[in-house]
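A short worksheet on the structure shown next.
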Amino acid sequence: MNSHAFALASAFALAAIAPAVAEPRAYDKVVAAAPFFADGDANRGPDYVVLARGDGSCRFDLYVYLRKPAPQPTTPDLYKEGAMTSGGACGNASLRIGPKGAIMIDLVNDWHPPMWRETVTIVYRNKEFVVAGYTQRTSSITGPENADKPEKFTTCDINFLNGKGMRNGKPLRGIGGPIRISDWSGSAPDQCHD
(Lines give C-alpha, C1' and ligand atoms only; values in the text may rest on other atoms or scores of the structure.)
Protein backbone atom coordinates (compact mmCIF):
# COMPACT_ATOMS: atom_id res chain seq x y z
CA MET A 1 0.00 0.00 0.00
CA ASN A 2 1.41 3.41 -0.89
CA SER A 3 1.81 6.09 1.78
CA HIS A 4 -1.10 8.16 0.44
CA ALA A 5 -3.52 5.21 0.66
CA PHE A 6 -2.24 4.35 4.15
CA ALA A 7 -2.72 7.96 5.29
CA LEU A 8 -6.30 7.98 4.01
CA ALA A 9 -7.07 4.64 5.64
CA SER A 10 -5.51 5.74 8.93
CA ALA A 11 -7.41 9.02 8.96
CA PHE A 12 -10.67 7.18 8.30
CA ALA A 13 -9.85 4.57 10.93
CA LEU A 14 -9.10 7.12 13.58
CA ALA A 15 -12.25 9.10 12.83
CA ALA A 16 -14.39 5.98 12.79
CA ILE A 17 -13.06 4.02 15.75
CA ALA A 18 -13.30 6.76 18.37
CA PRO A 19 -17.11 6.73 18.49
CA ALA A 20 -17.16 2.96 18.04
CA VAL A 21 -15.17 2.28 21.18
CA ALA A 22 -16.52 5.36 22.99
CA GLU A 23 -13.35 6.16 24.88
CA PRO A 24 -11.37 9.40 24.94
CA ARG A 25 -8.08 7.58 24.21
CA ALA A 26 -9.52 5.26 21.55
CA TYR A 27 -6.92 6.40 19.02
CA ASP A 28 -4.23 4.77 21.12
CA LYS A 29 -5.87 1.39 20.53
CA VAL A 30 -5.54 1.36 16.73
CA VAL A 31 -2.90 -1.18 15.72
CA ALA A 32 -3.41 -1.02 11.96
CA ALA A 33 -5.85 0.21 9.33
CA ALA A 34 -6.13 -0.39 5.61
CA PRO A 35 -8.41 0.16 2.66
CA PHE A 36 -9.51 -3.01 0.89
CA PHE A 37 -12.19 -4.23 -1.49
CA ALA A 38 -14.35 -6.78 0.32
CA ASP A 39 -15.93 -8.01 -2.88
CA GLY A 40 -12.72 -7.72 -4.91
CA ASP A 41 -14.17 -4.91 -7.06
CA ALA A 42 -11.51 -2.20 -7.27
CA ASN A 43 -13.70 -0.15 -9.64
CA ARG A 44 -15.65 1.32 -6.76
CA GLY A 45 -14.55 3.11 -3.61
CA PRO A 46 -12.66 1.12 -0.98
CA ASP A 47 -13.96 -0.49 2.17
CA TYR A 48 -11.91 -0.04 5.36
CA VAL A 49 -10.66 -2.41 8.01
CA VAL A 50 -9.30 -1.43 11.42
CA LEU A 51 -7.47 -3.66 13.90
CA ALA A 52 -7.47 -2.32 17.46
CA ARG A 53 -6.20 -3.55 20.81
CA GLY A 54 -9.15 -4.71 22.90
CA ASP A 55 -9.69 -4.18 26.60
CA GLY A 56 -7.60 -7.24 27.39
CA SER A 57 -3.94 -6.63 26.58
CA CYS A 58 -3.79 -9.74 24.39
CA ARG A 59 -7.08 -9.25 22.58
CA PHE A 60 -7.34 -7.63 19.17
CA ASP A 61 -10.69 -6.46 17.83
CA LEU A 62 -11.70 -6.04 14.20
CA TYR A 63 -13.81 -3.24 12.74
CA VAL A 64 -14.95 -3.31 9.10
CA TYR A 65 -16.62 -0.41 7.31
CA LEU A 66 -18.17 -1.32 3.97
CA ARG A 67 -18.35 1.36 1.30
CA LYS A 68 -21.69 3.12 1.09
CA PRO A 69 -22.89 6.28 -0.60
CA ALA A 70 -21.85 9.41 1.33
CA PRO A 71 -21.71 10.12 4.16
CA GLN A 72 -19.46 7.33 5.35
CA PRO A 73 -20.70 5.51 8.46
CA THR A 74 -19.10 5.82 11.87
CA THR A 75 -20.69 2.57 13.02
CA PRO A 76 -18.87 -0.51 11.73
CA ASP A 77 -20.67 -2.99 9.50
CA LEU A 78 -18.72 -5.67 11.34
CA TYR A 79 -17.29 -5.57 14.84
CA LYS A 80 -15.60 -8.73 16.07
CA GLU A 81 -14.38 -8.60 19.64
CA GLY A 82 -11.35 -10.86 19.96
CA ALA A 83 -10.77 -11.52 16.26
CA MET A 84 -7.35 -12.66 17.50
CA THR A 85 -6.50 -13.47 21.10
CA SER A 86 -3.41 -14.72 22.82
CA GLY A 87 -2.77 -16.26 26.17
CA GLY A 88 0.56 -16.05 27.97
CA ALA A 89 3.03 -13.81 26.19
CA CYS A 90 1.09 -11.33 24.11
CA GLY A 91 2.22 -11.05 20.53
CA ASN A 92 2.49 -8.10 18.18
CA ALA A 93 -0.47 -7.81 15.84
CA SER A 94 -0.46 -6.56 12.27
CA LEU A 95 -2.85 -6.42 9.36
CA ARG A 96 -2.40 -7.35 5.70
CA ILE A 97 -4.74 -7.31 2.76
CA GLY A 98 -4.42 -10.39 0.59
CA PRO A 99 -5.68 -11.33 -2.83
CA LYS A 100 -9.33 -10.66 -3.64
CA GLY A 101 -9.81 -8.51 -0.53
CA ALA A 102 -8.83 -11.10 2.08
CA ILE A 103 -8.14 -9.63 5.53
CA MET A 104 -5.12 -11.28 7.13
CA ILE A 105 -4.40 -10.69 10.82
CA ASP A 106 -0.94 -11.75 12.00
CA LEU A 107 -0.07 -12.22 15.65
CA VAL A 108 3.64 -12.80 16.31
CA ASN A 109 5.61 -13.47 19.47
CA ASP A 110 9.28 -13.32 18.46
CA TRP A 111 10.71 -12.16 21.78
CA HIS A 112 9.55 -14.56 24.53
CA PRO A 113 9.87 -18.36 24.45
CA PRO A 114 8.16 -20.28 23.08
CA MET A 115 8.11 -18.10 19.98
CA TRP A 116 5.16 -18.42 17.62
CA ARG A 117 3.29 -16.88 14.71
CA GLU A 118 -0.42 -17.10 13.90
CA THR A 119 -2.39 -15.83 10.93
CA VAL A 120 -6.15 -15.80 10.51
CA THR A 121 -7.60 -15.05 7.07
CA ILE A 122 -11.06 -13.53 6.80
CA VAL A 123 -12.98 -13.16 3.53
CA TYR A 124 -16.31 -11.71 2.43
CA ARG A 125 -18.46 -14.42 0.84
CA ASN A 126 -22.20 -14.39 0.13
CA LYS A 127 -22.58 -11.05 1.92
CA GLU A 128 -20.98 -12.18 5.17
CA PHE A 129 -17.49 -12.33 6.65
CA VAL A 130 -16.10 -15.81 7.30
CA VAL A 131 -12.83 -17.24 8.56
CA ALA A 132 -11.27 -18.86 5.49
CA GLY A 133 -7.97 -19.99 6.97
CA TYR A 134 -5.73 -20.31 10.00
CA THR A 135 -1.97 -20.87 10.15
CA GLN A 136 0.23 -21.39 13.22
CA ARG A 137 3.94 -22.07 13.72
CA THR A 138 5.45 -22.57 17.20
CA SER A 139 9.08 -23.08 18.21
CA SER A 140 10.16 -25.94 20.49
CA ILE A 141 12.60 -23.66 22.36
CA THR A 142 10.76 -22.86 25.58
CA GLY A 143 13.53 -21.14 27.51
CA PRO A 144 17.26 -20.84 28.17
CA GLU A 145 17.42 -24.43 29.40
CA ASN A 146 16.52 -25.60 25.88
CA ALA A 147 18.68 -23.13 23.95
CA ASP A 148 21.38 -25.71 23.17
CA LYS A 149 18.89 -28.17 21.63
CA PRO A 150 17.99 -28.14 17.93
CA GLU A 151 14.99 -25.96 17.25
CA LYS A 152 11.91 -27.75 15.97
CA PHE A 153 8.58 -26.31 14.98
CA THR A 154 5.00 -27.44 15.33
CA THR A 155 2.80 -26.26 12.51
CA CYS A 156 -0.87 -26.14 11.68
CA ASP A 157 -2.36 -24.84 8.45
CA ILE A 158 -6.10 -25.03 7.73
CA ASN A 159 -8.03 -23.88 4.67
CA PHE A 160 -11.67 -23.82 5.72
CA LEU A 161 -12.81 -22.94 2.20
CA ASN A 162 -11.66 -26.26 0.72
CA GLY A 163 -11.77 -28.30 3.94
CA LYS A 164 -8.09 -29.25 3.84
CA GLY A 165 -5.37 -28.85 6.43
CA MET A 166 -2.04 -30.11 7.71
CA ARG A 167 -0.67 -30.41 11.24
CA ASN A 168 3.03 -31.16 11.59
CA GLY A 169 3.12 -32.43 8.01
CA LYS A 170 0.16 -34.79 8.39
CA PRO A 171 -3.28 -34.29 6.83
CA LEU A 172 -6.07 -33.18 9.15
CA ARG A 173 -9.51 -34.75 9.05
CA GLY A 174 -12.90 -33.41 10.02
CA ILE A 175 -12.40 -29.83 8.90
CA GLY A 176 -15.75 -28.19 8.31
CA GLY A 177 -16.45 -25.33 5.97
CA PRO A 178 -15.83 -21.63 6.54
CA ILE A 179 -16.52 -20.37 10.06
CA ARG A 180 -18.83 -17.40 10.41
CA ILE A 181 -16.88 -14.56 11.98
CA SER A 182 -19.49 -14.36 14.75
CA ASP A 183 -18.67 -18.00 15.67
CA TRP A 184 -14.87 -17.57 15.55
CA SER A 185 -13.15 -18.06 18.92
CA GLY A 186 -10.17 -15.83 18.09
CA SER A 187 -7.65 -18.57 18.80
CA ALA A 188 -6.35 -21.81 17.34
CA PRO A 189 -9.05 -24.22 16.18
CA ASP A 190 -9.36 -27.57 17.95
CA GLN A 191 -7.65 -29.35 15.05
CA CYS A 192 -4.40 -27.52 15.90
CA HIS A 193 -4.23 -28.84 19.48
CA ASP A 194 -2.79 -32.12 20.72
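The values are calculated or read from the model by the stated rules, or taken from the named source; none is laboratory data. Computed from a predicted model, the values in this text were never measured in an experiment. In this analysis, Cβ positions are derived from the backbone assuming ideal geometry, glycine residues included, and neighbour counts consider all displayed protein chains. Note: accessible area is taken over every heavy atom of the protein model, side chains too, but ligands, DNA and RNA are not part of it. Shrake-Rupley method; radii C 1.70, N 1.55, O 1.52, S 1.80 Å.
Consider a paramagnetic label point 7 Å from the Cα of Phe153 along Cα→Cβ; state which residues of region 118-140 have an amide N under 14 Å from it. Under 14 Å, as judged by backbone N against the label point of Phe153, lie 118-119, 135-140 of region 118-140.
For a straight C-alpha distance cut-off of 12 angstrom, the aspartates and glutamates reachable from Lys29 (same-chain residues fewer than eight places away being disregarded) are Asp55, Asp61. Site pair Ser94 and Ile175 shows an inter-label distance of 2.4 nm when each label is modelled 7 Å from Cα along Cα→Cβ. Once neighbouring chains are kept in place and the probe is 1.4 Å, which whole percent of the accessible area of region 100-140 is contributed by carbon and sulfur? Roughly 54 percent, rounded to a whole number.
With R₀ fixed at 30 Å, the C-beta to C-beta distance from Asn168 to Arg44 puts the FRET efficiency at about 0.10.
For Phe129, the solvent-accessible surface with a 1.4 Å probe is about 20 Å², rounded to the nearest 10.
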